[in-house]
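What follows is a short report on a single structure.
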Ligand code: FAD
């Protein structure tokens, strides 16, 4: 029971000082690196320099040629590549086993991964396998001067406080980090690094889950997380027709459509469009909030937008506290006028 688990933990952990180096799990999907991979290399570079250790990326997948070079251009000193048909589709167990096996062998002191659907899904498994902790959803990372420990900051209590978490007794220190929070380095194709191709024991990779079919969701033409302009709707839009109206505004502006949780819960628009604490974080150049009150759980997902334009008929709505420009009025009058004006241009 408890005793044997403890022994197993000790066996994995060994001497904490043996764990060295910063690792970034470089997420890729459908043959493309996720933007969060390069963001984490930017953050990881700073941590590695402060610790005086190397920065490595871990690339898992099938037919992922060319990506390792890309990771070096974005700051990795080393890239561990496991290119195996068993990793063609993401599964928690194959990906979790692969990353755990690499970490057990090479003993990094820090592992960073994106707090994406994939990272959130398999990184907890890696933490458990390595008998260490995990801080999910970090928004800031730093190294503590006294002992070199990783300071992992994340919102707690619905974003009302920021908690800083340390992992004092076990290694690696593992964090998942919100996309769009960290800044990537400028790509430098002249940067030199080492690519290490790893063949793992097939038994390690053999997933217990078989992927029968992957269905790619037909989202917007414009990806919400990467869009420069986001038009968002809330309960004030009243129904799906209201959303058709803001989709038209988004199309005219070449932007993406987002929503508050109230609108998603009402079934007017699917969940992938939700922005906020339990949805996506976006940081567009322009965020147009239509009929959204501005609850703290919504604001945490969009308040770092460069320019926020709010349309709400209640002049006291909290959204106006964060808005760069506010329009007090009825969305059903104002949005059609905006569409008309932008169409003229
Ligand atoms: P409301 O708060 O009902 O606001 C509607 C607004 O529309 C009002 O300000 C009203 O004045 C205005 N309005 C109405 N009619 C018109 C009109 N014709 N013209 C102009 N304005 C009009 N919320 C999120 O958005 N994202 C999250 O990820 C999220 N996560 C949550 C997690 C937790 C744990 C909890 C407790 C809550 C979470 N919420 C989240 C919910 C959040 O607290 C709010 O309930 C939600 O954001 C409200 O959505 P809303 O602004 O669309 O609706």
Please specify each residue of region 155-168 satisfying the condition of being within 15 Å of the ligand (Cβ to nearest atom) and either at pLDDT 95 or above or loosely packed, with under 14 Cβ neighbours inside 10 Å (or both). 156, 157, 158, 160, 161
Name every residue in region 163-194 that is assigned to a strand (DSSP E or B), in contact (Cβ under 8 Å) with a residue 12 or more places away in the chain and within 19 Å of residue 112 (Cα to Cα), in order of residue number. 164, 165, 173, 174, 175, 176, 177
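Would region 13-30 turn up any residue that is in contact with a strand residue (DSSP E or B) (Cβ under 8 Å, 6 or more places away or on another chain), over 30 Å from residue 226 (Cα atoms) and not in a helix (DSSP H, G or I)? Quick ask: steps written out before the conclusion?
Start the filter on region 13-30 by keeping residues that are in contact with a strand residue (DSSP E or B) (Cβ under 8 Å, 6 or more places away or on another chain), which leaves 21-28.
Checking the rest, the ones that are also over 30 Å from residue 226 (Cα atoms) come to 21.
From the residues that got through so far, the ones that are not in a helix (DSSP H, G or I) too are 21.
Yes: one or more hits.
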What helices (runs of 4 or more DSSP H) completely inside region 244-345 contain at least 1 residues that are crowded, with 18+ Cβ neighbours inside 10 Å and more than 9 Å from the ligand (Cβ to nearest atom)? 319-322, 331-344
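Taking the stated definitions as given, is residue 203 free of Cβ contacts under 8 Å to residues at least 12 places away in the same chain and either assigned to a strand (DSSP E or B) or more than 17 Å from residue 117 (Cβ to Cβ) (or both)?
Values: free of Cβ contacts under 8 Å to residues at least 12 places away in the same chain: yes; either assigned to a strand (DSSP E or B) or more than 17 Å from residue 117 (Cβ to Cβ) (or both): yes.
Here the answer is yes, as residue 203 does meet what is asked.
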Filtered residues of region 56-71 (kept if within 11 Å of residue 194 (Cα to Cα) and either in contact with a helix residue (DSSP H, G or I) (Cβ under 9 Å, 6 or more places away or on another chain) or in a strand (DSSP E or B) (or both)): 56, 57, 71
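Take the residues of region 72-93 that are part of a helix (DSSP H, G or I) and in contact with a strand residue (DSSP E or B) (Cβ under 8 Å, 6 or more places away or on another chain): which is farthest from residue 26 (Cα to Cα)?
Filtering region 72-93 down to residues part of a helix (DSSP H, G or I) leaves 72-73, 85-87, 92-93.
Next, only the ones that are in contact with a strand residue (DSSP E or B) (Cβ under 8 Å, 6 or more places away or on another chain) stay: 72, 87.
Working: 72: 11, 87: 14 Å.
The selected residue is 87.
The values are calculated or read from the model by the stated rules, or taken from the named source; none is laboratory data. In this text, all values refer to a predicted model and were calculated from it rather than measured experimentally. No Cβ is skipped: glycine too gets one built from the backbone with ideal geometry, and neighbour counts run over all protein chains shown.
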